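Here is the structure we will look at, set down as structure tokens.
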Amino acid sequence: QVHLVESGGGLVQAGGSLRLSCAASGGTFNSYAMGWFRQAPGKEREFVGAISRSGRDTYYAESVKGRLIISRDNAMNTVYLQMNSLKPEDTALYSCAANIGLVSIISTEYDYWGQGTQVTVSS
């Protein structure tokens with residue numbers, strides 16, 4: 001069983017930056033591909049970014065490419081989401097997820113989820 005805890009969310013003005021963290025416990029972190037997803041009120045959960053077990057391969061949604069960067073520190077059992085040039089449409093609850101298989105952009109392929117951290121971008 002893997003336990004995931006996100007942190008780093010908050011209120012930021014458009015154009016600002018935030019760094020989200022997701023700390024994992026209870027499993028072998030480098031055995032899991034990791035993903036970030038977000039859900040805005042009234043909308044479905046959507047893929048944001050994902051990173052392979054080694055950290056060598058990353059994938060992004062088109063809407064965030066060039067602005068958000070996913071990384072991981074396997075020694076610290078933590079995955080990060082650096083968010084730059086934030087826009088009001090980035091406002092959502094951001095959740096990290098762990099997948100014991102290969103990296104994926106599909107939420108249903110992830111095995112474990114955190115509770116999420118709220119990001120609000122004001123215009």
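The values are calculated or read from the model by the stated rules, or taken from the named source; none is laboratory data. Treat the numbers as computed from the prediction; the structure is a model and nothing was measured. These accessible areas exclude ligands, DNA and RNA; they are computed on the full protein's heavy atoms, side chains included. Shrake-Rupley method; radii C 1.70, N 1.55, O 1.52, S 1.80 Å.
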Inset, instruction - Would you kindly state how much longer the chain becomes between residue 73 and residue 25 on full extension, computed as 0.36 nm times their sequence separation minus their alpha carbon distance, in nm to one decimal? - result: 16.0 nm
Inset, instruction - List the relative contact order of the chain as a percent without decimals, with contacts defined as Cα pairs under 8 Å and 6+ residues apart. - result: 36 percent
Inset, instruction - Ratio to report: Rg/Rh of the range 78-123, with Cα atoms as the point set and Rh obtained by the Kirkwood method; give two decimals. - result: 1.03
Inset, instruction - With θ set to phi - 60°, apply the Karplus curve 6.51 cos²θ - 1.76 cosθ + 1.60 along the range 103-109 and write out the HN-Hα couplings as whole Hz, x wherever there is a Gly or Pro. - result: 4, 8, 9, 9, 4, 5, 8
Legend entry - Space enclosed by the convex hull of the alpha-carbon atoms of the chain, per residue, Å³: 89 Å³
Inset, instruction - Run the numbers on the range 1-59 and let me know its relative contact order in percent, using alpha-carbon pairs under 8 Å that are six or more apart. - result: 25 percent
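Given the Cα-Cα distance of residue 45 and residue 7 and 0.36 nm per residue of separation, how much length would full extension add, in nm?
That works out to 11.8 nm of additional length.
Once fully extended, how much extra length lies between residue 118 and residue 89, figured as 0.36 nm per residue of separation less the alpha-carbon to alpha-carbon distance? Walk me through the numbers on the way to the answer.
Numbers: separation 29, 0.36 × 29 = 10.44 nm, distance 1.30 nm.
Computed gain between residue 118 and residue 89 is 9.1 nm.
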Legend entry - Fraction of accessible area attributable to carbon and sulfur, the chain (%, probe 1.4 Å): 48 percent
